[in-house]
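This report refers to the structure that appears directly beneath it.
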Amino acid sequence: SAYVTVENVTIKGSTSSQWGIILDSTNNAVIRNVKINNVYYGINGKGGTNRNYYVCDNILEGKGAVWPKTDSSVWDYEGIVLTGSGHVVCHNRLSGFGDAMGLNQNTDIPNRADDFYRNDIVWTGDNAIEFDYGERNIRAYENRFTNAGNNPVSFQPLWGGPAYAFRNVIFNSQAGPYKLN
């Protein structure tokens with residue numbers, strides 16, 4: 001698919017798939033002003049060949065991670081997870097997921113040139129953002145990460161680089177600010 005726009009929609013709960021929105025092999029998708037709540041998983045953009053997503057101005061409220069529960073039983077609930085290149089994820093508010101935002105290893109093209117900025121992570125059971133499996137020019141800036149179960153910013157593993165995390169504000173992290181394993 002190409003040039004898909006989902007805008008001004010509320011999604012409450014989910015069926016057996018447990019995802020609010022699934023994008024698979026999509027280019028130039030826009031998800032804007034969407035409210036997703038009472039789901040275990042928010043936006044899944046990790047299947048196939050994905051380019052140029054614009055995921056901004058959304059509210060995602062998961063039911064998988066309830067603060068302060070941060071054990072491994074909540075780590076796999078994902079808020080926004082993407083693969084591919086050219087994505088912009090901005091001005092979103094997320095709570096109740098294990099990993100609030102990030103990349104995934106199941107990609108047909110490398111994770112490159114992806115920006116995550118000015119997002120507000122209210123609480124998360126594991127990482128606020130995972131740059132895991134990023135290849136190059138991955139950026140997280142001016143985000144606010146509050147109540148993170150583990151390291152708010154994960155770079156484990158990073159394939160190549162550079163990856164940037166700057167001007168982010170981190171409050172109340174259970175572990176250190178960065179995972180650099």
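The values are calculated or read from the model by the stated rules, or taken from the named source; none is laboratory data. Here the structure is a predicted model, which means the values were calculated and not measured. Don't worry about glycine lacking a Cβ; one is built from the backbone with ideal geometry, like all the others, and counts go over all protein chains shown. Accessible surface is based on the protein model in full, side chains and every heavy atom, while ligands, DNA and RNA are left aside. Shrake-Rupley method; radii C 1.70, N 1.55, O 1.52, S 1.80 Å.
Shape analysis of region 117-178 yields a ratio of the Cα radius of gyration to the Kirkwood radius, Rg/Rh, of 0.96.
For region 60-155, the fraction of C-alpha pairs more than 19 angstrom apart is 33%. Here region 1-78 has an Rg and Dmax of 13.2, 39 Å, counting Cα atoms alone.
Determine the share of the chain's accessible area contributed by carbon and sulfur atoms, expressed in whole percent, with a 1.4 angstrom probe. Please list the in-between numbers first.
Values: 3560 of 7790 Å².
For the chain, the apolar C and S fraction of the accessible surface comes to 46 percent.
Among (1) -0.64, -1.09, -1.26; (2) -0.33, -0.97, -1.22; (3) -0.25, -0.86, -1.26, which one is log10 I(q)/I(0) by the Debye sum over Cα atoms at q = 0.09, 0.16, 0.19 Å⁻¹ computed from these coordinates? Evaluating log10 I(q)/I(0) by the Debye sum over Cα atoms at q = 0.09, 0.16, 0.19 Å⁻¹ on these atoms matches (3). Taking 0.36 nm per residue of separation and subtracting the current Cα-Cα distance, fully stretching the chain between Asp71 and Gln105 would add 10.0 nm.
Solvent exposure of the chain, expressed per residue, is 43 Å² of accessible area, with all protein chains present and a 1.4 angstrom probe. Placing a pseudo-label 7 Å from each Cα along the Cα-to-Cβ vector at Arg167 and Lys63 gives an inter-label distance of 3.8 nm. If the label point is 7 Å along Cα→Cβ of Lys12, which residues in region 59-75 have backbone nitrogen under 20 Å from it? Hits in region 59-75 for Lys12 at 20 Å: 59-65.
Annotation note: GluC sites (Glu not before Pro) in region 66-143 located in DSSP loop regions with a Cβ neighbour count of at most 14 within 10 Å are Glu142.
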